Amino acid sequence: MKKVLLGTIAFIALAAPASAADLAAQPYVKAPPPVIPIYDWSGFYIGINGGGGSAHQCWDVVNAGGVVVAAPVGMGCHKATGGTVGGQIGYRWQIANSVFGLEAQGNWSDFKGSNANLAFAGVQNESKHDAFGLFTGQVGYAWNNVLLYVKGGAAVVRD
């Protein structure tokens, strides 16, 4: 009888479905949409720059020995070319899609050029630019990480 009772209990235990009371079925949840960051152009910036450039130089005689010449006499022109390196510092403000900024830039330059003087034989016109600077303002429009702007201001040069 013991064998029949144990066999019946074993049969019922093996035949019953297995279930865990503490594990509920997980509902399907769709992943949240990705968060796209909005780019902000506001803030301080600093940078370096370099390259090449040229300056166009022309000379005219407007007086000779203190006497004013009626029509200026051209002495010739040339381009002073060379390399430049410098830096800039600035700040931009973004209000909605509008961007405003101020910038100062300073460059050391080595622009040199010369030509034969057309008014006086044997005289050479020469020029050398050592440095230049820019003080500018910017107004632009931003489309997320794209910024289009116009820039204007004043320039100074040492020659």
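What to note about this one:
- Neighbourhood charge, 14 Å Cβ-Cβ cut-off, centred on residue 128 and excluding it, Lys, Arg +1 and Asp, Glu -1: -1
- Bridging of residue 112 to lysines at a Cα separation below 22 Å is possible for 79, 128, once same-chain residues fewer than 8 apart are set aside.
- Protein-only accessible surface at a 1.4 angstrom probe places the residues 110, 130, 60 in the order 60, 110, 130, largest first.
- Tilt relative to the chain, helix 2-15 - C-alpha long axis, 0 to 90 degrees, to 10: 30
- Remark: accessible surface ordering of 35, 29 (largest first) is 35, 29, probe radius 1.4 Å.
- For the stretch 78-101 versus the stretch 136-158, the spacing of their alpha-carbon centroids is 7 Å.
- At a probe radius of 1.4 angstrom, the accessible area of the chain per residue rounds to 75 square angstrom.
- On the chain, 66 percent of the accessible area sits on carbon and sulfur atoms, based on a 1.4 Å probe.
- Scalar couplings 3J(HN,Hα) for the stretch 146-158, obtained by applying the Karplus form with A = 6.51, B = -1.76, C = 1.60 to θ = phi - 60°, are 10, 10, 10, 8, 10, 9, x, x, 10, 10, 10, 9, 10 Hz; x denotes Gly and Pro.
The values are calculated or read from the model by the stated rules, or taken from the named source; none is laboratory data. Just so it is clear, the model here is predicted, and its values are computed rather than measured. Cβ atoms come from the backbone with ideal geometry, glycine included; neighbour counts cover every protein chain shown. Note: areas computed on protein heavy atoms with side chains; ligands, DNA, RNA excluded. Shrake-Rupley method; radii C 1.70, N 1.55, O 1.52, S 1.80 Å.
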